[in-house]
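The structure appears right after this line, and notes come after that.
The values are calculated or read from the model by the stated rules, or taken from the named source; none is laboratory data. In this text, all values refer to a predicted model and were calculated from it rather than measured experimentally. We place every Cβ from the backbone using ideal geometry, glycine too, and count neighbours over all the protein chains shown. The area values use the complete protein model at the heavy-atom level, side chains included, leaving out ligands, DNA and RNA. Shrake-Rupley method; radii C 1.70, N 1.55, O 1.52, S 1.80 Å.
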Amino acid sequence: GSPAELFVDLPRAELAQQFAAAGIVVHSALPTGDRPRAGGPASLAEAMATGAHVLARRDPPFAGFVGDAGAVYSDVAEAAALIRATENWTDAAWRDAQNRSIERAFQLHADELVLRPLFDDWCAIARARAEAEATRAA
């Protein structure tokens with residue numbers, strides 16, 4: 001009887017189908033507080049790529065990651081209000097939200113964009129180690 005469902009350890013393909021069907025994805029991370037800051041989670045990028053409207057905690061790593069592909073909330077009451085506000089959206093408003101999510105996902109979070117710097121860093125580390133080994137051997 002609940003309008004919400006919890007899924008644990010879904011295969012990626014099924015997760016993408018759920019994001020697309022839901023229309024709204026609420027990311028429920030705890031506030032970072034004194035914990036180290038994290039980048040945006042892959043699940044948010046995946047949700048955006050399906051066109052889902054993403055709601056994330058009003059916390060620096062998440063707010064910047066989501067941008068105009070959704071909204072941010074401070075507490076459960078604000079998240080609920082953001083969800084209730086979508087009840088009045090027209091089909092055009094839903095299409096606009098879907099397009100913003102998809103565009104943001106592919107413009108900022110596509111694997112070709114985010115994996116290249118990681119690969120470059122790995123290459124630089126390997127090169128530095130190889131040069132250090134060559135210097136020690138000489």
| remark: Of the residues in the stretch 94-107, those that are surrounded by fewer than 16 Cβ atoms within 10 Å (Cβ to Cβ), free of Cβ contacts under 8 Å to residues at least 60 places away in the same chain and under 16 Å from GLY23 (Cβ atoms) number 3
| said: I'd like to know if the stretch 115-136 contains one or more residues that are part of a helix (DSSP H, G or I) and within 20 Å of HIS27 (Cβ to Cβ). | reply: no
| remark: Every listed condition ((1) within 19 Å of ALA21 (Cβ to Cβ); (2) open to solvent by less than 20 Å² (accessible area, probe 1.4 Å)) holds for ALA110 save (1)
| query | If you check ARG84 against the conditions, is it charged (D, E, K, R), closer than 17 Å to VAL25 by Cβ, in contact (Cβ under 8 Å) with a residue 12 or more places away in the chain and open to solvent by 20 Å² or more (accessible area, probe 1.4 Å)? | reply | no
| said: What's the number of the only condition in (1) open to solvent by 70 Å² or more (accessible area, probe 1.4 Å); (2) over 18 Å from ALA93 (Cα atoms); (3) modelled with pLDDT of 80 or more that ARG37 fails to meet? | reply: (3)
| message | Cβ contacts < 9 Å: first residue in a loop (DSSP other than H, G, I, E, B), restricted to the stretch 65-80; second residue surrounded by 15 or more Cβ atoms within 10 Å (Cβ to Cβ) and aromatic (Phe, Trp, Tyr), any location; separation 6+ or different chain. Result? | response | none
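Conditions (1) modelled with pLDDT of 90 or more; (2) over 19 Å from the mean Cα position of the chain (by Cα), marked per residue:
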{"residue": "LEU44", "(1), (2)": "no, no"}
{"residue": "ALA47", "(1), (2)": "no, no"}
{"residue": "TYR73", "(1), (2)": "yes, no"}
{"residue": "ARG84", "(1), (2)": "yes, yes"}
{"residue": "ASN88", "(1), (2)": "yes, yes"}
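Would you say ALA137 is more than 13 Å from the chain's Cα centre (by Cα) and open to solvent by 70 Å² or more (accessible area, probe 1.4 Å)?
On the way: more than 13 Å from the chain's Cα centre (by Cα): yes; open to solvent by 70 Å² or more (accessible area, probe 1.4 Å): yes.
Yes, satisfied.
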| said: Take the residues in the stretch 22-34 that are of a type outside the set (Gly, Ala, Ser) and in a loop (DSSP other than H, G, I, E, B); name whichever of them is modelled with the lowest pLDDT. | reply: ASP34
| Restricting attention to the stretch 71-84, which residues are in contact with a strand residue (DSSP E or B) (Cβ under 9 Å, 6 or more places away or on another chain) and closer than 16 Å to ALA22 by Cβ? | ALA71, ALA79, ALA80, LEU82, ILE83
